[in-house]
Each structure stands twice: as structure tokens, then as C-alpha cells.
Amino acid sequence: MITLIANIFISSFFLVNFMDCSRFFNDCQNIKSSGPLTPKGIRLTSNSTTSQDIVITWYTENMASEPKVLYSENPTLLNNITITPSMQYVDITYLYTAYLSNLESNHTYFYQVSSDSSNVRETLNFTTTIERNTNVLKFLMFGDSRTNRTVRQKIAEKVVSSFDDIDFTIHTGDIVANGRNQTQWNNYFEDIEILSKIIPGYYIEGNHEHTDGKMYENIYLPSNGMNSYYYSFSLGPIKFIGLNTNRDEGIQTSWLESELKLADQDNETFWKIAYMHEPIFNSMVGRSDLSDLIPTWCPLFEQYGIDLVFAGHNHYYERSYPMNNLKEFDSDSLYEFNNPSNPMYFITGGAGAPLYTRGGSNPDYTAYYNSTYHFIVIEVQVDDVKEETTLILETWAMPENAGVFGDIYLIDKITITKKGALLNIDYPNKNNLFGQNAPEFNVTFSKRNLDPTWYSINSTWYTIDSGLTNFTFENGVGTIDQLVWDTKPNGTVNIQFFANDTLGVIYSNEVTVQKDIIAPQISINLPIMNQTFGEDAPIFNITIKDANLIAMWYSLDGGLTNIIFTINGSINQIEWNKFPNGIVVITFFANDSMGNVAYQEIIVTKYISEPNNGLIPYDLYLRFIITITVITIIVLFSIIIISWRKNLFQFPLRKDL
């Protein structure tokens, strides 16, 4: 009985003291000797496709005589399991590796590493992730820690002090400056030990690790790819795929597609995230895109629904809009996204390497950029009631001024939401053009692998007047109601489609189309009305207003002969020559892509004098004859008048008057 009471007292004492320290400050005893047999650089990794297997690795400067790991679910290490680690000598370092297998999910384990009875580290702890169907998962993403030891120490400290619910970390490569140098590996894991000894980490090879470096002696990773050079694992609702931009892409591409196919068949996979070292799309001046990977990996990302793609290599932070392999992107939203159709690409290279300034102008596809020390925290939530899952990504910066590091602050935050099912608008597409006739439509309803038992569809409907009038449809196809379409003016029309399920959840999607029922507007600047032209065909200058103009032409014969033109110029000389002197009607036409046709007419006069063969020109001759005739008439008339007056005044007077 006394022994039992003593054990209870001791256990309670340790438990209370443990509870006084947060999960992330489990080195309360602060046993930090620096002897050559002291276990240092403790890190947790996993070589399994789930986190229920943990690998503990550390090093000593001298060879330990009795290296071991004790672990237990009891904070006092009662009823512990003892593991003797494997050991390997790498340069001047003794590396130890212990495998903890078949652990329970969502359990906290306490452990202690030692070299012998005199060189024992403090009791540490880690927590395994919960089952695949977990509703919450949180992890950290960072990269390029290779150079500045102080920066990476401070980042690790700030992560531990600011976040108490990180499940694991992912490093996108360039962990050290020279992967062939074992001392640099020792320094790195000493610098981040406050983080790596309590939270499992996953890593991918960068160019500074070198293909012949010592990364894989120091870090143990899943081996379901090729020798852990590339690999995948699934935690919670996420499929993670680590890709290697230093290794051959051929076999890796085939493996990538097979992994994505498996993820597509897994009802517990709601999100797919890929990470690598070098970015596929490179916005930094002097660095080019990975042009060999764009046509091979990117189409697979798009086909199988990769959500996020992370890389490092460039020492800053950058986020793209949802984007495809042709760099076609959707910039409708900056921070809030619903069921984006393409991946977003991130660069996170600010965990200790010298910061870069990207240079040049901001690429169109970049949504945010900042050159600063930073790390990314990602949380995924699953809501069974709303039938949706949400990913929240926060990027935290650590300011530095003359070697002094300030408090971290938030520089970027995005939210991506996926519904349990998706209402897809296959037709019409955004900004499709329609005329008088109402558009046809084709919509499909697909589940997003959230839960195959969540829903069954009750009804579907659409509206083009914000819900004032709703029209039901079946089988996903139909034509927009013509009467309602006729009420919409020229310009933008928003069509909203809806569906509800047996749980009362309403799904919606919308598309914006353009309606064009107005013919082009034609203004004739030249020639002017009733202008006279001779042998040379007239010059014309017209202005046509229509956003969807596709053709312009003119005719001099009422449409029997049409002359197409693309720019202002002269009337076709051959056609002009066909017309005699007199009135000529020139008709200009234009039509748009919806078949709306407009025309405007202008009347001109054509006059060409007859040739005179060296004689007096006919028109001058005619004028001369007319002039002589007129003068003759005037003279004759004048003579008659004068004669009449003369006779009048010479008439004899009567003598009897």
C-alpha cells in the first residue's frame, strides 16, 4: 500500500509539473549539457505513409556505450518500452536512429534518449495524428533554411511559442548549405531542436543537399517512391506528395500519376498537396521556369485536382492565383476561393537563407509577393453538417533589423472552401456571346469525395434575374427561358444554377455571359454627301462602333458586288470604272459575331469629260455655242427694241390737232 501511494504521489507530481509546461516546452527540466556524449539534434520523422510510426534520430560526438530510447504513454515513463537504436558513423559524428512502430493514433507519448546512465536527455513528448477521418489537421510549411543559423533558431522558437497545435512540419529543401558536410546537418538540427524534438517533420531534397550528400543518413522518410527521394503520405483528409526536382523526371512522372489515381479513389482524401524544391513557374529575374516539368507534371496536377503546389529555392514568399500550365489564371478573388478549378503555386524560401529581391515587374499570375523571413501555417477543417471542407493558409513574417528579430506578424491569409458536391457548369462558359436566341445550358453534379453518403439530389433550378423568377430543369440540360431572356438588355447577363439535396444543403454556381442584340454603329466621315469625283475612285473613311465586330464591306451596286475591307482606304477602282457619269450610291455594311448587320449609304456624283483628240474640249465648245447664241439673241432683241422706239417717235402728227 505504501508503495502504491508513493507511486501515485510521484506520478501526480510529475503530471502536475508537466501540465504547467505547454506541450511545446517539454524541456522544462532544461537539461542541456554539451559533452561529447550528450544526445543532440533530436528530430522526429516518419518513414511510414501515416504518422503512427515515428523515427527518432540524434547524434553524439563520441560513441555512446549504451544508447537507448525509453517511451511510454505515462509522463513519468512508467511501464516504458526500451528501444536500442541503430548506429552509424558519418564523418566525425555518431548518428542514432530508433523506430517507434504501431503507435496509437491521437495519443501523446513521452520519451527519453540517452547515451548511458550519465548522459540522459530530459523527458520529451510528441502526439500522433488522429485517424484519417479527422475533422481538423494543422501543419507548418517552410523552406531554404540553409545559411543563417540565428534566423532558423528564431523561427523555430517563434513557431513553438505561438502555435500549440501543429501536427507536423514540411520543409521544401535547401535544409543546409552543403549537404555533403555532416557538421552542417548537426548544426541545423541543434538549431531547430526545440521544434524537431516534439513535432515530426517531412523533408524534400534541394539542390544544396546534393544528390551525393548526407541527407538520407540524417533524415528518414517514407520510401513508397524511390529510396525516399520522392514519396507520398496521407494524414487526415490530405494526400501529400513530395517531388524531387533534382532527380530524373521520367519514372517520377509515372509514379506521380499512379499516386494521384490512388488518391482519386480514396474517399478520405479531400485535398491534394504537392511540394518540391525548385518552383515550376519562376518569376525571379535570371531564373527560368522548369520548362521540362510544365508539360508533364502540371497537366497531371490539373487533371487529378492538386490544390496547392509548394516550392522553395527563391528566397522570398510568393502566391499565385489558381493557374493552369498555360499560365491562364483566375483573378476574380484574391483571398477567398470556392472550389477553384486549378492549383495555386507557392514559393516559401525564407527560413534562413539570404533573402532575394525578385526584380522586374510583378507577373500577372502573382497574387501576393513579399521578400521576408517567414513560414506558413495551414489548417484543414471538415464540417460534416455543412458538407464542406475548408483550408486556411496563413503566412507569418519575422521582421529583422540589424540582427534584432521582432514579433511575427501575418502578411497573407487565404481561405479555400470545397463543397461535398460541386455543381459544374459545362456550358455556357464565362463571357460566351449570345444574341436574340436564349442560350442552351449543360450542368453536371459531382461529389468531391467528402462523404459518399452525404447527399442525394432533390431538385435543380436556375435564374437570370437574381431569384425573382426561378425555372426548374431536369437531367442537367435545357435552354434558358426565351421570354425572360428577351427582357434582358444588351450587355452582361448573370445565370445562376442551383441544386438542393435531401439534407437541405443548397449548392450553387453561376456564369456570366454576354448578350449582343445591337447592330454595329456606322459613321461615314468621307466622302461627304453629293461630293463629285472624276476618274479616280473616292477615298473613304468610316468609323464603326461594336465590341464584337467581325466584318466590314461596301457595295456600289446595291449588294450585287461586295468589297470586303479591314481598314479605311479607296473605293475599288475596277468597280468605280464600271459606272458612267451620274449619281453613284455607296453602301457601307458591318456585322458582328451575333449576326447583327448595319449599313449606311452615301450619294456621290461621278463626272468624267469626253476626250477631244486635240480639238477644243466638248464642254468648252458647248459653252461657247451657248454663249454666242445668247449674245446673238440679246443683240437681235436690242435691235428690235431700238427700231421700234425709233419708229414710234417718228410717227407724223395730225395737222388738225
>> Checking the cross-link filter: which lysines have an alpha carbon closer than 16 Å to that of Lys578, excluding same-chain neighbours under 8 positions apart?
In response: Lys606
> Stretch Thr512-Gln573 to full length: gain in nm at 0.36 nm per residue minus the Cα-Cα span?
Replying inline: 17.3 nm
>> Beyond 36 Å, how much of the Cα-Cα pair distribution for the chain remains, as a whole percent?
In response: 58 percent
>> Given segment 304-420, report the % of alpha carbon pairs whose separation exceeds 17 Å.
In response: 59 percent
>> 7 Å from Cα along Cα→Cβ at both Gln303 and Glu328: what's the point-to-point distance in nm?
In response: 1.7 nm
> Helix 2-20 versus the longest principal axis of the chain: what angle, 0 to 90°, nearest 10, using Cα atoms?
Replying inline: 30 degrees
> Suppose R0 equals 51 Å; then what is the FRET efficiency for Arg180 and Asn442 from their Cβ-Cβ distance, rounded to the nearest 0.05?
Replying inline: 0.30
> Classify segment 115-200: rounded, prolate or oblate, from the alpha-carbon gyration tensor (a ≥ b ≥ c, eigenvalue square roots; a/c under 1.5 rounded; otherwise prolate if a/b is larger than b/c)?
Replying inline: oblate
> According to a simple spin-label model (label point 7 Å from Cα along Cα-to-Cβ), what is the distance in nm between Glu336 and Val477?
Replying inline: 3.6 nm
> For Thr357 and Asp486 in the same chain, what is the full-extension length gain: residue separation times 0.36 nm, less their Cα-Cα distance, in nm?
Replying inline: 41.0 nm
>> Could you tell me what a quarter of the Cα convex hull surface of segment 421-515 works out to, in nm² with one decimal place?
In response: 5.9 nm²
> Quick one: if you stick a label point 7 Å off each Cα along the C-beta vector at Met87 and Ser291, how many nm between them?
Replying inline: 5.3 nm
>> If a paramagnetic tag sat 7 Å from the Cα of Asp165 along the Cα-Cβ line, which residues of segment 95-124 would have the backbone N under 17 Å from that point?
In response: 106-108
> Going by the alpha-carbon gyration tensor, a ≥ b ≥ c the square roots of its eigenvalues, is segment 507-608 rounded (a/c under 1.5) or, if a/c is not under 1.5, prolate (a/b greater than b/c) versus oblate?
Replying inline: prolate
>> Given a Förster distance of 56 Å, report the FRET efficiency between Ile564 and Asp264 from their Cβ-Cβ distance, rounded to the nearest 0.05.
In response: 0.65
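Read the figures in this text as sums done on the coordinates, not as results from a lab. Just so it is clear, the structure is predicted and the values come from calculations on it, not from any experiment. Backbone-built Cβ (ideal geometry, glycine too); neighbour counts: all protein chains shown.
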